[in-house]
Amino acid sequence: MSQRIAAQQPRRSRQGAHSATVYPGRVSIGRGVLRYAAAGLAAGAGWWAWRHQHSPTVATWAPGRGENRRAGPLQVRVLGSGEPVVVLLHGMLAAGDSFGAAYDALAEGATLVVPDLLGFGGSMDTPGPTDAPAHVAALETALTALGLANRPTVVAGHSMGGTLALHWAAQHLDRVRSVVTFGAPLYRNRVEADEHVAAMGWMEALLSGDGAIPRATCAWMCRHRTAASWLAVASRPDLPVPVARSGVNHTWATYSGALDGLIRDTGWSTALDVLSHAGIPVTLVEGDADPVPVHGRAAELSRTRPFTMYLIRPGADHGIPLIDPGWCRRVIGDAVTSSSTSLSAGAATAAGRPTDELRNDLGLSTMMHSK
C-alpha cells in the first residue's frame, strides 16, 4: 500500500527555486490524448485523400484555357473568336472555374466568356450593390469592354447564375438567341426559397438567413480568408482544390445581395414571360436528385410558356455542371446550334409586336426590382 501511495505522489523537477510539480498520471493521459488525436488526424487525412482520389469530378476537371483578364467590374476568361458569344454564369458561393476545360469545346466557332460574377471570385471587391440590376449591369459592362455587346449570344447559368441568365436575357432581346439554366432556384416566395437554400451545401446552409450567426460566420471568413478556403477544401474532398477554395471569395454584402436579388426574388417569372413572348428558346435543366429546384416546376413552366422546355438528368444532383460537364456542354452546344438556324434575335416578335412593346406591356422596367 505504501508503495502504491508513493507512486501517485507528485515529483518535483530539480530546477532550483522555480521547480515545477509533475504529475505522472496527468502526463500519461496527455500523451494518450495526443496519440489519439494524431491517429484521428491521420485517419481523416486518409479518408480525404481516398475521397479526393476517387472523385469523378476531380478526375475530369482541369482549368479552362483562354485569356484571363479584367473586363469592367468583372474578372473573365475568354476563349475563341467566333461570331456567336457563349456566356457561362456560375452559381452561389462559386466562381468561373466551375466551368473548367470540359467547356472549352464551346469556343469552337464561338467566343466563350466565363466571368466571375459581381462580388464573387476574382470580382469579389465591389463597392456597390449586388442585387439583380447590379449583376445585369456588370455583365453587360463586361461584354461591352470585351467588344462583344453587339454579337448574337447564348447564355447559360448554374443555380443563381441561371436566374441571372434569365434576367440578363430578358433585358437584351435584341441579341440573345437562347437561354439554358441548370438547377435554377425558381422560387415563388421567400419562404420557399429559404427552405431550399440550405440544400445547396453546408456553407450556404450556414450563411442562409439574416441573423447573427450567418453574419458572424461570414465576418470570420473575411478575416481569415486563407484558413476558410482550406476549411472548404477539407470539407469537400469531392471537389477540385481550386474550385473549393474559390467558394469563400465573397463578402456578407455580396452574398446577401445576391441571395435577396437573385434567389429570393421572384423577378425570374416575369423575365421568363418576356422571353416566352419574344420567342426566345429557354431550356430548364435539373437533376432528379437535385434538392434545390422545386421538382415539377420546370415541367409546369414548359406547359404554360411557349418556347420553354425542360430536361431531367437522371441521377444528377445540384453539382451537375461539375459532375457531368460533358453532358451539360452538349446541352449548351445544342442550344448554340439550334439558335443559329432560328429567327434572328434582333427580329424577335410575338404576334407581330415589337420587343420594345413587349417590354412595356410585361413590366420589364419594374421586373428587375420586384420583391
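Take the residues in segment 125-162 that are in contact with an Asp or Glu (Cβ under 8 Å, 6 or more places away or on another chain) and more than 19 Å from S339 (Cβ to Cβ), then tell me which one is surrounded by the fewest Cβ atoms within 10 Å (Cβ to Cβ). So that I can check it myself, show each step before the final result.
Initially, segment 125-162 is screened for residues in contact with an Asp or Glu (Cβ under 8 Å, 6 or more places away or on another chain), giving 131-132, 149, 151-152.
The next check asks that each one be more than 19 Å from S339 (Cβ to Cβ); those that pass are 131-132.
Details: D131: 21, A132: 27.
Of everything passing the filter in segment 125-162, D131 is surrounded by the fewest Cβ atoms within 10 Å (Cβ to Cβ).
Considering segment 315-342 alone, what residues qualify as being among the aliphatic types (A, V, I, L, M) and closer than 17 Å to L89 by Cα? Explain how you work it out, then say what you get.
Let us first name the residues in segment 315-342 that are among the aliphatic types (A, V, I, L, M), namely 316, 320, 322-323, 331-332, 335-336.
Result: I320, L322, I323, V331, I332, A335, V336.
Pick out the one residue from L93, L41 that is under 29 Å from G119 (Cα atoms), modelled with pLDDT under 90 and surrounded by 10 or more Cβ atoms within 10 Å (Cβ to Cβ).
Details: L41 fails: under 29 Å from G119 (Cα atoms).
Among L93, L41, only L93 is under 29 Å from G119 (Cα atoms), modelled with pLDDT under 90 and surrounded by 10 or more Cβ atoms within 10 Å (Cβ to Cβ).
Spot the failing condition for L301; the list is (1) farther than 17 Å from T163 by Cβ; (2) crowded, with 17+ Cβ neighbours inside 10 Å; (3) over 19 Å from the mean Cα position of the chain (by Cα); (4) touching a residue at least 60 places away in the same chain (Cβ under 8 Å), and only one is missed.
Among (1) farther than 17 Å from T163 by Cβ; (2) crowded, with 17+ Cβ neighbours inside 10 Å; (3) over 19 Å from the mean Cα position of the chain (by Cα); (4) touching a residue at least 60 places away in the same chain (Cβ under 8 Å), the lone unmet condition for L301 is (1).
Name, by its number, the condition in (1) assigned to a helix (DSSP H, G or I); (2) touching a residue at least 40 places away in the same chain (Cβ under 8 Å) that does not hold for T337.
Going through (1) assigned to a helix (DSSP H, G or I); (2) touching a residue at least 40 places away in the same chain (Cβ under 8 Å) one by one, T337 breaks only (2).
Of the conditions (1) under 17 Å from the mean Cα position of the chain (by Cα); (2) closer than 27 Å to L231 by Cα, H54 clears all except one; give me its number.
H54 satisfies every listed condition except (1).
How about segment 229-267: which of its residues are more than 17 Å from the chain's Cα centre (by Cα) and part of a helix (DSSP H, G or I)?
Matches in segment 229-267: W230, L231, A234, G267.
Taking A351, is it at pLDDT below 95, in the same structural domain as G183 (by TED's automatic domain parsing), farther than 19 Å from W168 by Cβ and among the aliphatic types (A, V, I, L, M)?
On the way: at pLDDT below 95: yes; in the same structural domain as G183 (by TED's automatic domain parsing): yes; farther than 19 Å from W168 by Cβ: yes; among the aliphatic types (A, V, I, L, M): yes.
So A351 passes the test.
The values are calculated or read from the model by the stated rules, or taken from the named source; none is laboratory data. For clarity, every value in this text was computed on a predicted model and none was experimentally measured. No Cβ is skipped: glycine too gets one built from the backbone with ideal geometry, and neighbour counts run over all protein chains shown.
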